[in-house]
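The values are calculated or read from the model by the stated rules, or taken from the named source; none is laboratory data. If you're wondering where the values come from, they're calculated on a predicted model, not measured in any experiment. Methodologically, a virtual Cβ is constructed for each residue, glycine included, from the backbone with ideal geometry; neighbour enumeration extends over all protein chains shown.
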Amino acid sequence: MTLKVIPPKRAFSLAETHQPIAWQGFNHFWDFPCEILTGINGEMLTAMTRGPVAYYWCRTDGKDYYYIGYAFYHTQDWAPFPANLLPGEVHRHDLEGVLCRVPYYLPHCSPQKLVWTKGLDIITVFHHELKHWSSVGVYRPYVEIDSGGHGIHSYNPCAAKKVYLYVEDWRLLPFEPIMADGSRREIIRQNFNNNGVHLPDEWSNHGQYKGWFWSKPDELFKEMGK
């Protein structure tokens, strides 16, 4: 089945309703999720004044599910020196994401209570791996974004306390225009790929299901749920 791209106004409403509640590990300003920057690093200090950014896109099969994707960009991927919070190994750019499968509901202006009882299915990008789980009784995924490497996984409130940036209201930016603009997309892709980073149409689970996060979210959930 070919999924439909949801029109901009409705896509924003869905992305806003189901945006992740995130605990962003925060040990360096490079851990701040901001707009995609391909220029000088100094731009980031300005970007941080505008609030944390989540890029989004939305699809639907028109009867059973919405598929809502989010991508979080960090200017640097970094690892600390042993027993130290200072950056050690560093490379430019990082992009990882969250994908939600939401039960389809009408009317569009107000989600029905039935949706919340069904809950969500969620897939996240954890470096070169995809993690999958379900959350019943919620309509927004609870995720943790690691400091440094920025892998995304389910938030565990019982985990050892860390330094977090808590985010529940994102500055939402559409990702469709980036992917639709061939010139801009390939400039970003080259910058990313040169540093071992990928766009959503390249994400995979250790090489499997490459690009399905973007192009075949329905098939990806079926495979990850087996």
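Looking only at segment 74-131, residues that are at pLDDT 80 or above and not small (G, A, S) come to 33 in all.
Just one of the numbered conditions (1) out of contact with any Asp or Glu (no Cβ under 9 Å at 6 or more places or on another chain); (2) not in a strand (DSSP E or B) is not true of E144: (2).
Is it fair to say S134 is small (G, A, S) and either touching a strand residue (DSSP E or B) at 6+ places or on another chain (Cβ under 6 Å) or part of a strand (DSSP E or B) (or both)? So S134 fits the description; yes.
Does K216 satisfy the condition of being at pLDDT 95 or above and more than 14 Å from Y73 (Cα to Cα)? Criteria met by K216. The residues in segment 147-181 that are assigned to a strand (DSSP E or B), closer than 15 Å to L99 by Cα and among the aromatic types (F, W, Y) can be counted, and the count is 0. Determine if segment 144-151 includes at least one residue that is surrounded by fewer than 16 Cβ atoms within 10 Å (Cβ to Cβ) and polar (S, T, N, Q). Looking for residues that are surrounded by fewer than 16 Cβ atoms within 10 Å (Cβ to Cβ) and polar (S, T, N, Q), one finds none in segment 144-151, hence no. Take the residues in segment 19-53 that are crowded, with 23+ Cβ neighbours inside 10 Å and in a strand (DSSP E or B); name whichever of them is modelled with the lowest pLDDT. That would be C34.
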